[in-house]
Amino acid sequence: GRLFRGTKRLLGDPGIRRLMVFEHPFRLVALITPVLLRIRQAVEAHAGNVASAHLGRPVNFEGRDRFRNETALARLGEAYRHAGVRGQRFYPEPVAAAASFLEAHPDAPGEHLLTLDFGGGTLDLCVLRRHREGFDVLGTHGVALGGDHIDQQLFRVLLCPELGRGELWRRRGFDREIETRFPFEDYEELLVNWAVTYTLNQNRYSAPVHDCIAAGGSAARKFRRLNELIQRNLSYSVFQSIKDLKARLSSEETARLDIPELDLDLTVTRAQFESIIAAQLGEVEVALDTVLALSRLRADAIDIVIGTGGSSLIPAVRRLLVDRFPRQVVEHDPFTSVAAGLAIAYYQHRLRTR
């Protein structure tokens, strides 16, 4: 799990064809297939043969390539076929969440329903119009914004200054001492992407850190932390601590980010957290504006608003929804609504095609 978390975020990038695992190259499809196979086998232990299924997908996969959705779906489709799922209907995840709400609350009043699915990797939205036979999808929108991006922002703001960002690098030249700003920008992107942080364990990265430790002074402690993080490959556990902090700040006004391996103990308030993620909250607002515009509806035309996905539980996100839709926001199963909706969609499809 530690090795292969986050592969979904790579599916739409045609430039990433293989990943190195213990010095062996593996296609993305080859890494994903065993996971899907285990899921199919676990489902079949309870529900019988699974030869076809409705399969969740974000509205837009992460990436900048023009054909990222087509690339990602082709790779996923191949992996599902290798895993034994031959009949495939890819289904937008926010629409699935809406379907599970309507199945659970058939008497909920209102015609128009908006779903905000804010998960780990993407923010996906849809607007539906209900009718007697089911619903029509009026608009969908998705952006590469999720809990992982929020975790990275927290790392940048809270941890990078404690790891040497902004400090000086002093080392001896041929005839004098040279002093420049430490090139932290060469480290930062690798630090905030924990799956590749291990690549910092090379002499061209470690030598400047050792120079800064040897120079002593108040910054040496920060560079010792950076060295520990790199040498002991602690990035994954650091991000787990950040996720725990984020979760606690959903129910508490103050929480500690305690990372004893780095001799680091920070107190963070919810207000500070919300200030740190202000840009991400702004992206949520823009995404809401976009899906409403695509649906040709105003906010006051929406009757029900569903927040699902773990990041929808962040109080600032909830507050943003309530401010925009004062009486329409409802609670609905943030972690399993998409899976339930996919099962419902599959069942209804089977009924229609019998």
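The values are calculated or read from the model by the stated rules, or taken from the named source; none is laboratory data. What you are looking at is a predicted structure, and each value in this text was computed from that prediction instead of being measured. FYI the Cβ positions are ideal-geometry reconstructions off the backbone, even for glycines, and counts take in every protein chain you see. We work out accessible area using only protein heavy atoms, side chains counted, and drop any ligands, DNA or RNA first. Shrake-Rupley method; radii C 1.70, N 1.55, O 1.52, S 1.80 Å.
Tell me, which residue of the stretch 171-187 that is in a strand (DSSP E or B), basic (Lys, Arg) and at pLDDT below 85 is least open to solvent (accessible area, probe 1.4 Å)?
171
Please find, among 322, 329, the residue that is under 30 Å from residue 271 (Cβ atoms) and open to solvent by 40 Å² or more (accessible area, probe 1.4 Å).
Working: 329 fails: open to solvent by 40 Å² or more (accessible area, probe 1.4 Å).
The match here is 322.
Could you tell me whether any residue of the stretch 119-131 is in contact with a Leu (Cβ under 8 Å, 6 or more places away or on another chain), open to solvent by 30 Å² or more (accessible area, probe 1.4 Å) and under 27 Å from residue 307 (Cβ atoms)?
Yes, the stretch 119-131 has at least one match.
Given the condition of a type in the set (A, V, I, L, M), more than 30 Å from residue 88 (Cα to Cα) and part of a helix (DSSP H, G or I), answer yes or no: does some residue in the stretch 330-339 qualify?
No, every residue in the stretch 330-339 fails to be of a type in the set (A, V, I, L, M), more than 30 Å from residue 88 (Cα to Cα) and part of a helix (DSSP H, G or I).
Conditions (1) under 17 Å from residue 157 (Cβ atoms); (2) surrounded by 13 or more Cβ atoms within 10 Å (Cβ to Cβ); (3) hydrophobic (A, V, I, L, M, F, W, C), marked per residue:
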{"position": "195", "(1), (2), (3)": "no, yes, yes"}
{"position": "201", "(1), (2), (3)": "no, no, no"}
{"position": "204", "(1), (2), (3)": "no, no, no"}
{"position": "225", "(1), (2), (3)": "yes, yes, no"}
{"position": "229", "(1), (2), (3)": "yes, yes, yes"}
{"position": "260", "(1), (2), (3)": "no, no, no"}
{"position": "266", "(1), (2), (3)": "yes, yes, yes"}
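Conditions tested, residue by residue: (1) basic (Lys, Arg); (2) in contact with a helix residue (DSSP H, G or I) (Cβ under 6 Å, 6 or more places away or on another chain); (3) within 30 Å of residue 287 (Cα to Cα).
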site: 29; (1), (2), (3): no, yes, no
site: 37; (1), (2), (3): no, no, no
site: 46; (1), (2), (3): no, no, no
site: 62; (1), (2), (3): no, yes, yes
site: 65; (1), (2), (3): no, no, yes
site: 70; (1), (2), (3): no, no, yes
site: 74; (1), (2), (3): no, no, yes
site: 88; (1), (2), (3): no, yes, yes
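Test each condition in (1) buried (at least 20 other Cβ atoms within 10 Å of the Cβ); (2) at pLDDT below 95 for residue 218 and report the one that comes out false.
With (1) buried (at least 20 other Cβ atoms within 10 Å of the Cβ); (2) at pLDDT below 95 applied to residue 218, the lone miss is (1).
Go through (1) open to solvent by 50 Å² or more (accessible area, probe 1.4 Å); (2) under 30 Å from residue 279 (Cα atoms); (3) out of contact with any helix residue (DSSP H, G or I) (no Cβ under 7 Å at 6 or more places or on another chain) and name the single condition residue 236 misses.
Single failed check for residue 236: (3).
Between 308, 267, 290, which is touching a strand residue (DSSP E or B) at 6+ places or on another chain (Cβ under 8 Å) and more than 24 Å from residue 140 (Cβ to Cβ)? Full working, then the answer.
On the way: 308 fails: more than 24 Å from residue 140 (Cβ to Cβ); 290 fails: more than 24 Å from residue 140 (Cβ to Cβ).
Just one listed residue meets the conditions, 267.
Looking only at the stretch 296-320, which residues are in contact (Cβ under 8 Å) with a residue 12 or more places away in the chain, farther than 19 Å from residue 129 by Cα and either among the basic types (Lys, Arg) or not in a loop (DSSP other than H, G, I, E, B) (or both)?
310, 311, 312, 313, 315, 316, 317, 320
Which one is nearest to residue 264 (Cα to Cα) among residues in the stretch 209-223 that are out of contact with any helix residue (DSSP H, G or I) (no Cβ under 7 Å at 6 or more places or on another chain) and not in a helix (DSSP H, G or I)?
Restricting to residues being out of contact with any helix residue (DSSP H, G or I) (no Cβ under 7 Å at 6 or more places or on another chain) and not in a helix (DSSP H, G or I), the top hit is 218.
Which fully enclosed strands (runs of 3 or more DSSP E) of the stretch 1-114 have 1 or more residues being open to solvent by 50 Å² or more (accessible area, probe 1.4 Å), in contact with a strand residue (DSSP E or B) (Cβ under 7 Å, 6 or more places away or on another chain) and farther than 23 Å from residue 137 by Cα?
18-21, 24-27
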